[in-house]
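These notes are about the structure you will find just below.
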Amino acid sequence: MSLIEIRKRSLTIETTYHEGGPVTDTPLKLAAACAVIKNPYAGRYEPDLMPFMAELRSLGTLLAQELVDTLGKDNIEVYSKAAIVGVNGEMEHGAVWHEAGGWAMRTVLGEPKAMVPASKAVAHTGYRLMVPLHYIHASYVRSHFNSMEVGIQDAPRPNEILFALVMGTGGRVHSRLGGLTKDKVSVHDGQR
């Protein structure tokens, strides 16, 4: 029997043309793919979460592929992941997404080296979460530090979990604060 029972999914796309400065030639697109599932461990302590984490790889692949199909694999420059656990669950029920969601994004994107940032919370229905983003090949590319809000109005219910993956096509549209730029990444260790 599957541990993953999806109630609903969502796909949100934000397109930014400017942030008060000149209109950019190529708008920034950020997209969040979310799935709301029944929490198989709501209301009780489960000592072994490894089977759940392993099974979530399939959900991660589904969401990651949806983002790649939406934005185009060759256009993706930033990524992240998030989980919002309903109040009858625990933080560790969201932490299973670190491996499952991160693995899925790396697989569909061709194994980028940068760590996949994340955010998670145990919260009430309708909670919104700011998710940090950064460059997929090097974590210290300052122009690509960004965030996107994720959430669904009727989720997660107390016995649910909302899992999200986020990808985008570039850095901030008016980035001008120096630091490492994507064209200067040279170490290829996921950091610099």
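Any chance you could count how many residues in segment 7-26 are among the hydroxyl-bearing types (Ser, Thr, Tyr) and either free of Cβ contacts under 8 Å to residues at least 24 places away in the same chain or farther than 30 Å from Thr125 by Cβ (or both)?
To start, the set of residues in segment 7-26 that are among the hydroxyl-bearing types (Ser, Thr, Tyr) comprises 10, 12, 15-17, 24, 26.
Restricting the remaining residues to those that are either free of Cβ contacts under 8 Å to residues at least 24 places away in the same chain or farther than 30 Å from Thr125 by Cβ (or both) gives 15, 17, 24, 26.
Counting residues in segment 7-26 that are among the hydroxyl-bearing types (Ser, Thr, Tyr) and either free of Cβ contacts under 8 Å to residues at least 24 places away in the same chain or farther than 30 Å from Thr125 by Cβ (or both) gives 4.
Checked against (1) open to solvent by 50 Å² or more (accessible area, probe 1.4 Å); (2) modelled with pLDDT of 95 or more, Ala31 passes all but condition (1). May I ask you to list the residues in segment 134-150 that are within 27 Å of Tyr41 (Cβ to Cβ) and surrounded by fewer than 22 Cβ atoms within 10 Å (Cβ to Cβ)? Scanning segment 134-150 gives a single hit, Glu149.
Residue selection: Arg192 fails the criterion of being under 30 Å from Glu92 (Cβ atoms), of a type in the set (Lys, Arg) and part of a loop (DSSP other than H, G, I, E, B). Of all the numbered requirements in (1) surrounded by fewer than 22 Cβ atoms within 10 Å (Cβ to Cβ); (2) closer than 13 Å to Ile161 by Cβ, His93 misses one, and that requirement is (1).
Working only within segment 135-192, note down all residues that are over 14 Å from the mean Cα position of the chain (by Cα) and of a type in the set (Asp, Glu). Listed by number, the residues that qualify are Asp154, Glu160, Asp183, Asp189.
Here Gly171 qualifies as in contact (Cβ under 8 Å) with a residue 12 or more places away in the chain, part of a loop (DSSP other than H, G, I, E, B) and within 15 Å of Ile76 (Cα to Cα). Scanning segment 51-69 for residues that are surrounded by fewer than 18 Cβ atoms within 10 Å (Cβ to Cβ) and outside any helix (DSSP H, G or I) turns up nothing.
Here the condition is being touching an Asp or Glu at 6+ places or on another chain (Cβ under 8 Å) and closer than 22 Å to Glu149 by Cα; of Ala83, Ala64, Ala33, Ala104, it holds for Ala33 alone.
When segment 73-111 is filtered for residues that are closer than 24 Å to Val173 by Cα and touching a residue at least 40 places away in the same chain (Cβ under 8 Å), the ones remaining, listed by number, are Asn75, Ile76, Glu77, Val78, Tyr79, Ser80, Lys81, Ala82, Met105, Leu109. With respect to Ala114, determine if the residue is hydrophobic (A, V, I, L, M, F, W, C), open to solvent by less than 10 Å² (accessible area, probe 1.4 Å), assigned to a loop (DSSP other than H, G, I, E, B) and touching a residue at least 12 places away in the same chain (Cβ under 8 Å). When the stated conditions are applied, Ala114 passes them.
The values are calculated or read from the model by the stated rules, or taken from the named source; none is laboratory data. Since the model is a prediction, treat every value here as computed from it, not as a measurement. Positions of Cβ are generated from backbone atoms using ideal geometry, with glycine treated the same way; all protein chains shown enter the neighbour counts. SASA here: full protein model, heavy atoms, side chains in, ligands and nucleic acids out. Shrake-Rupley method; radii C 1.70, N 1.55, O 1.52, S 1.80 Å.
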